[in-house]
Amino acid sequence: MIQNERDYEALLHPLLSFGQQMLDTYGAFYPYAAVVSRAGEVTLVAREVDEATPEPARVLAVLREALCAQASDDACQASGLCVNVRVVDPRTGLEIDALKFSFEHRSGESLDVFFPYRKRLPRGFRFEKPFAQPAERRVF
């Protein structure tokens, strides 16, 4: 479990930083992903999509395929995938905007971590305390 946590933390920093930057700059973003290699290095995962402005669901599917390929090639030990979602906050029962990070580990553990956010006026976003829940395995 400790190795899983280290790998998730290694993935979270670059994924969260990128998501915050995209929201601040553009107000939205396409799904994106990263992996932790067997050597412990974090690498962003990118794949080309043939459409000029693809649907986010298409980008998500292409990224999942890429993550599954790396997992089946034994090239990574953990993966992280970020999407922008509307979700019910279990602490308040209210529907909120959040960055959703889906983490999976070769050991079999999978976890979704949500970072709720609110738009700040005149610009920018304020992130709130995250919450997590077990997730369905899709990569390993």
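Kindly establish whether LEU60 is modelled with pLDDT under 95, closer than 24 Å to GLN133 by Cα and in contact with a Pro (Cβ under 9 Å, 6 or more places away or on another chain).
When the stated conditions are applied, LEU60 passes them.
Sub-9 Å Cβ pairs linking a first residue in segment 61-72 that is under 11 Å from TYR32 (Cα atoms) and β-branched (Val, Ile, Thr) to a second residue that is modelled with pLDDT under 95 and surrounded by fewer than 19 Cβ atoms within 10 Å (Cβ to Cβ), at least 6 apart or interchain, are VAL62/ARG47; VAL62/GLU48; VAL62/VAL49; VAL62/PRO54, ordered by first then second residue.
Screening ARG47 on (1) at pLDDT 90 or above; (2) over 16 Å from PHE115 (Cα atoms) shows it passes everything except condition (1). Selection over segment 1-20 of residues that are part of a helix (DSSP H, G or I) and more than 14 Å from the chain's Cα centre (by Cα) gives a count of 5. The residues of segment 34-48 that are under 13 Å from ALA71 (Cα atoms) and either exposed (fewer than 12 other Cβ atoms within 10 Å of the Cβ) or not polar (S, T, N, Q) (or both), listed by number, are ALA34, VAL35, VAL36, ARG38, VAL45. Assessment of segment 4-17 against the conditions (under 20 Å from ARG138 (Cα atoms) and surrounded by fewer than 12 Cβ atoms within 10 Å (Cβ to Cβ)) yields at least one matching residue.
Within segment 93-105, not a single residue is closer than 26 Å to PRO122 by Cβ, loosely packed, with under 12 Cβ neighbours inside 10 Å and in contact (Cβ under 8 Å) with a residue 12 or more places away in the chain. Within segment 63-73, at least one residue is farther than 16 Å from LEU15 by Cβ, among the small types (Gly, Ala, Ser) and surrounded by 17 or more Cβ atoms within 10 Å (Cβ to Cβ).
The values are calculated or read from the model by the stated rules, or taken from the named source; none is laboratory data. Owing to the predicted nature of the structure, the values given are computational and were not obtained by experimental measurement. Positions of Cβ are generated from backbone atoms using ideal geometry, with glycine treated the same way; all protein chains shown enter the neighbour counts.
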